[in-house]
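**Q** Before anything else, here's the structure in question.
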Amino acid sequence: MADLKSTFLNVYSVLKAELLHDPAFEFSDDARQWVDRMLDYNVPGGKLNRGLSVIDSYRLLKEGQALNDDEIFLASALGWCIEWLQAYFLVLDDIMDNSHTRRGQPCWYRVPKVGLIAANDGVLLRNHIPRILKKHFRGKPYYVDLLDLFNEVEFQTASGQMIDLITTLQGEKDLSKYTLTLHRRIVQYKTAYYSFYLPVACALLMAGENLDNHVDVKKILVEMGTYFQVQDDYLDCFGDPETIGKIGTDIEDFKCSWLVAKALELSNEQQKKVLYDNYGNADPENVAKVKALYNELNLKGAFEEYESSSYEKLVTSIEAHPSKAVQAVLKSFLAKIYKRKK
């Protein structure tokens, strides 16, 4: 795995060098240095799970055949396109959310002398994706399908972000909107398509598959992405900050979290009042009251029940798939996230 990661990081250096010498633009030294620093700050800093899973998935689809260097490079390039997409979303998300830190360092727009130039940097990050695809995939029979796939998933993610933003409008704190149905819609569009479906769809296209024949795979991966986000919401409140690497603030931020939607579903009128009075307030005393109510409603138990029933449903759906190779891809995704602690 360490070996795969270093190969993957080498491909980043190649792609970055190509972008910094893109013939469509005459770079000044200042411009080249800016983009170089901006890319290093925002693109390779995460866990790289999405990008690496393109290579993993492609390998499993090839059923044990050794991949040649060209295949590893191309699968890595697609993986990096997903990491570029993620960087673009996060740079702009952090501005919208007025966030302070990301991946343990100041958000890009909070870096001195960057400020709102970060908005244009987000646009640049998004535009690097078709440049990479054009350079390395233009001659492939699946080139148009790749462009379509990235465009569609970006549209779905931006639309999910929109529902999230208009639901959590500051000054209009209306908990009555927060239902499990709304939570599911936000998560499905904002997270599941680009984090779970996109890496596998890239691998399927590289393997010569037609995505129209894999609607069932999309459905399973979107379910998995939903399950992943519910875990995230749970860990935000009940996880160990040391393990997850951040202190959760969903309660303070008035987030449409699975926990609050579930709590509203289980609460009597008196308990609902506690939520209405305290949710979305940054005062530690208010947060403590919400957490106490979560414990009173046994949300840990409700989550464990959700986790096991989701897992069983996913396994059943996966095992119904006719292709053993596709089953292997889906099972490897599920194994990575089941009962995770971070």
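The values are calculated or read from the model by the stated rules, or taken from the named source; none is laboratory data. Just so it is clear, the model here is predicted, and its values are computed rather than measured. Heads up, the Cβs are rebuilt from the backbone with ideal geometry, glycines too, and the neighbour counts pull from every protein chain shown. Side chains are part of the model used for accessible areas, which takes the heavy atoms of the whole protein and leaves out ligands, DNA and RNA. Shrake-Rupley method; radii C 1.70, N 1.55, O 1.52, S 1.80 Å.
**Q** Run through segment 133-201 and list the GluC sites (Glu not before Pro) located in a DSSP loop whose Cβ has at most 16 other Cβ atoms within 10 Å.
**A** On the way: sites: Glu152, Glu154, Glu172; in loops: Glu172.
Answer in residue order: Glu172.
**Q** Related question: For the chain, with only Lys/Arg (+1) and Asp/Glu (-1) charged at the beta-carbon, what is the dipole magnitude about the Cα centre, in debye rounded to 20? Let's see the in-between values first.
**A** Values: 41 positive and 48 negative charges, 63 e Å.
Rounded to the nearest 20 debye, it is 300 debye.
**Q** How big is the dipole moment of segment 214-342 about its Cα centre under a simple scheme where the beta carbon of each Lys and Arg is +1, that of each Asp and Glu is -1, and everything else is neutral? Debye, nearest 20, please.
**A** Details: 18 positive and 21 negative charges, 121 e Å.
Using Cβ point charges on Lys, Arg, Asp and Glu, segment 214-342 gives about 580 debye.
**Q** By per-residue mean of other Cβ atoms within 10 Å, what is the highest-first order of 211-218, 225-232? Could you put the intermediate results ahead of the total?
**A** Working: 211-218: 14.5, 225-232: 21.9.
Peptide ranking by packing, descending: 225-232, 211-218.
**Q** To continue, here is another question. Before rounding to the nearest 500, sum -39500 (n - 2.57) across all DSSP H runs of length at least 4 in the chain and divide by the residue total; then give [θ] at 222 nm in deg cm²/dmol.
**A** -22500 deg cm²/dmol
**Q** Work out, step by step, the length gained on full extension between Asn68 and Lys140: first 0.36 nm times the residue separation, then minus their alpha carbon distance; give nm to one decimal.
**A** Extra length available between Asn68 and Lys140 comes to 24.3 nm.
**Q** Using a 1.4 Å probe over the heavy atoms of the protein chains, calculate the carbon and sulfur portion of the accessible area of the chain as a whole percent.
**A** Details: 8800 of 17020 Å².
Carbon plus sulfur share of accessible area: 52 percent.
**Q** So which GluC sites (Glu not before Pro) in segment 36-141 end up in coil per DSSP with only 12 or fewer other C-beta atoms within 10 Å?
**A** Sparse-neighbourhood loop GluC sites (Glu not before Pro): Glu63.
**Q** Given points 7 Å out from each Cα along the Cα-Cβ axis, report the Asn268 to Asn98 separation in nanometres with one decimal.
**A** For Asn268 paired with Asn98, the spin-label model returns 3.8 nm.
**Q** Count the lysine pairs in segment 2-130 whose Cα atoms lie under 23 Å apart, taking only pairs 8 or more positions apart in sequence or on different chains.
**A** Lysine pairs meeting both conditions in segment 2-130 amount to 5.
**Q** Considering only DSSP states other than H, G, I, E and B, which trypsin sites (Lys or Arg not before Pro) in segment 7-98 qualify as loop sites with at most 11 other Cβ atoms within 10 Å?
**A** Listed in order of number, the matching sites are Lys47.
**Q** State, as an integer percentage, the relative contact order of the chain based on alpha-carbon contacts under 8 Å between residues 6 or more apart.
**A** 16
**Q** Still on this structure: Pull out the extension gain between Asp277 and Phe155, defined as 0.36 nm times the separation in residues minus the alpha carbon to alpha carbon distance; nm, one decimal.
**A** 40.4 nm
**Q** Can you give the net charge of the other residues whose Cβ lies under 14 Å from the Cβ of Leu9, counting K and R as +1 and D and E as -1?
**A** Values: positive: Lys5, Lys16, Lys47; negative: Asp3, Asp40, Glu83.
Spelling it out: positives minus negatives among the neighbours equals 0.
**Q** Let me ask something else about it. Taking K and R as +1 and D and E as -1, what net charge do the other residues with C-beta under 13 Å from the C-beta of Ser57 add up to? Could you put the intermediate results ahead of the total?
**A** Numbers: positive: Arg50, Arg59, Lys62, Lys331, Lys336; negative: Asp56, Glu63, Glu71, Glu209.
So the surrounding residues net to +1.
**Q** I would also like to ask the following. Leaving out ligands and nucleic acids, and using a 1.4 Å probe, what accessible area per residue does the chain come to in Å²?
**A** About 50 Å² of surface per residue is accessible.
**Q** What does the charge dipole of segment 1-103 about its Cα centre add up to, to the nearest 20 debye, if the Cβ of each Lys and Arg holds +1 and the Cβ of each Asp and Glu holds -1? Show your work: numbers first, answer last.
**A** Values: 10 positive and 17 negative charges, 83 e Å.
In debye, rounded to 20, segment 1-103 gives about 400.
**Q** Here's another thing I want to ask about it. Which three numbers, in whole Å and largest first, are the semi-axes of the equivalent ellipsoid of the chain derived from its Cα gyration tensor as √(5λ)?
**A** Square roots of five times the eigenvalues give 35, 26, 16 Å.
**Q** Which one, Tyr178, Ala328, Val144, projects farthest toward the positive side of the charge dipole computed for the chain from Cβ point charges (K/R +1, D/E -1)?
**A** It is Ala328.
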